[in-house]
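Presented below is the structure to which this report refers.
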Amino acid sequence: TSLESGADARALTALTRRWHPVAYSGEINQQPFGTTLLGEPVVVWRDETGRPHAMRDLCIHRGTALSLGRVASNEIICAYHGWRYTADGKCSRIPQLTDSSQIPPKARVDAYHCQERYGLVWVALLSLSEQPERSLAQVPELEAGEWTVVKTGPFSWQTNASRQVENFTDFGHFPWVHPGLLGDPERPEVPPHNVRTEGDVLHYEVLRPEAPNSKEFPVFSNAEQKQPQRRSRYELHLPYTIVLRLGWGGREGMVYFFVSQPVKEHQCRGYCIIGRNYNFEQPASVLQEFERVIFSQDQRIAESQRPDKVPFDLAAELHLKFDAVAVAYRRAMKANGLG
Ligand code: FES
Ligand code: CO
């Protein structure tokens, strides 16, 4: 109905006012990188100083993707007829014109906000004259230099970003979907937990049974425990960011920084960055392979879910007490105009 599409349009507008990741830092170099964010084609490139810039991936001349072009002298050059644009989107040269004062003022592309942090490049689809809402979540462990940091993924799924985030918040599925890796099938009960919503951040914490470390993936610090228990402190930052801190009662800790890129309505790309203050010598490939297995176990479940987008109308599903996080996520997304 038009009422529903009006609500969708408002949610989309609210989402464009937020920062979203578009790539790991290492994916962006001088060669322009084409991606899609909230259905918009976006090109990201680095200037000579290494600073990343983002703009609409569409040359105003004939609509060619600028990501097919190249970068020179801090400008991006279209592959088709060589029009050049500065980082703020202004066309600075049209090679076919002998007189450069003839460049029409309309010759420009939309430039977007772009920043680099936590080893990710972030974009807000707003014009440079407006300011994005909210800053990024704070994760000091990833920036202090005392923890090792491993980037895993990215994980491209054919579903809405809200489904990928919801899957990451959900610990009730561990014994079923990840038996022996994240959960113990003998102990499937969901421990009691309360969700505290503060503005656009949900906080919750659980002490839950965990499967002993597998020989294949010795990634958790639970070797001394017979029936290991893990304390997990979650922060879910609307719309699509999770900061999860794990501990086992000692000084060893792990932090998961997970954020999903809303590529388009039924497509997302998850970035999962993991910090830890132990296992310094373990090669990054162990965690990367571990997460590749975990995420592929989740992917087939999440891609099968209908509707593709988390229904923000609570009456559309059956929620039980242990679904408190899912319920709070739906409420908060709706209350913040994001769902
Ligand atoms: Fe880009 Fe012609 S389409 S210069
Ligand atoms: Co899972």
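The values are calculated or read from the model by the stated rules, or taken from the named source; none is laboratory data. Predicted model only: the values in this text are computed from it and were never measured. Cβ coordinates were reconstructed from backbone atoms using ideal geometry, including for glycine residues, and neighbour counts include every protein chain displayed.
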(request) Taking only region 190-231 into account, find how many residues are part of a loop (DSSP other than H, G, I, E, B) and either of a type outside the set (Asp, Glu) or touching a Ser or Thr at 6+ places or on another chain (Cβ under 9 Å) (or both). (result) 23
(request) Return a yes/no flag: does region 302-325 have any residue that is within 16 Å of ligand 2 (Cβ to nearest atom) and either of a type in the set (Lys, Arg) or part of a loop (DSSP other than H, G, I, E, B) (or both). (result) yes
(message) Can you tell me which residue is farthest from the chain's Cα centre (by Cα) among those in region 137-146 that are surrounded by fewer than 18 Cβ atoms within 10 Å (Cβ to Cβ) and in a loop (DSSP other than H, G, I, E, B)?
(response) GLU146
(request) Could you tell me which residue of region 110-135 is farthest from PHE257 (Cα to Cα), considering only residues that are touching a Pro at 6+ places or on another chain (Cβ under 7 Å) and of a type in the set (A, V, I, L, M)? (result) LEU126
(request) State which residue is nearest to ligand 1 (Cβ to nearest atom) when the search covers only region 262-296 and only residues that are touching a helix residue (DSSP H, G or I) at 6+ places or on another chain (Cβ under 7 Å) and within 19 Å of ARG163 (Cβ to Cβ). (result) PRO262
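Residues are listed down the side, and each one gets a yes or a no for (1) basic (Lys, Arg); (2) part of a loop (DSSP other than H, G, I, E, B); (3) near ligand 1 (Cβ under 10 Å from one of its atoms):
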| position | (1), (2), (3) |
| --- | --- |
| PRO41 | no, no, no |
| GLY50 | no, yes, no |
| ALA54 | no, no, no |
| ARG62 | yes, yes, yes |
| SER67 | no, no, no |
| ILE76 | no, no, no |
| GLY82 | no, yes, yes |
| ASP88 | no, yes, no |
(message) So, ARG230, is that one farther than 29 Å from LEU12 by Cα, touching a residue at least 40 places away in the same chain (Cβ under 8 Å) and of a type in the set (Lys, Arg) or not?
(response) no
(message) I need the full set of residues from region 272-290 which are among the charged types (D, E, K, R) and surrounded by fewer than 21 Cβ atoms within 10 Å (Cβ to Cβ), in order please.
(response) GLU281, GLU289
(request) Say whether the condition of being among the aliphatic types (A, V, I, L, M) and surrounded by fewer than 18 Cβ atoms within 10 Å (Cβ to Cβ) is met by at least one residue in region 162-170. (result) no
(request) Please identify the pairs in which a residue from region 60-76 that is on the phi < 0 side of the Ramachandran plot has its Cβ atom under 9 Å from the Cβ atom of a residue that is of a type in the set (Ser, Thr, Tyr) and within 8 Å of ligand 1 (Cβ to nearest atom), counting only partners at least 6 apart or on another chain. (result) HIS61/TYR80; ARG62/TYR80; THR64/TYR80; LEU68/TYR80; GLY69/TYR80
(message) Checking the condition at pLDDT below 90 and closer than 27 Å to GLY119 by Cβ, which residue from PRO209, PRO218 passes?
(response) PRO218
(request) Among the candidates ILE274, ILE242, single out the residue that is more than 19 Å from VAL201 (Cβ to Cβ) and β-branched (Val, Ile, Thr). (result) ILE274
(message) If I go through region 62-77 residue by residue, how many of them are closer than 13 Å to VAL109 by Cα and in contact with a Cys (Cβ under 7 Å, 6 or more places away or on another chain)?
(response) 2
(message) For the structure I just gave you, tell me whether THR159 is in a loop (DSSP other than H, G, I, E, B), hydroxyl-bearing (Ser, Thr, Tyr), away from ligand 1 (no atom under 16 Å from the Cβ) and in contact (Cβ under 8 Å) with a residue 24 or more places away in the chain.
(response) yes
(request) Keeping to region 34-61, report how many residues are under 15 Å from GLN261 (Cα atoms) and surrounded by fewer than 21 Cβ atoms within 10 Å (Cβ to Cβ). (result) 6
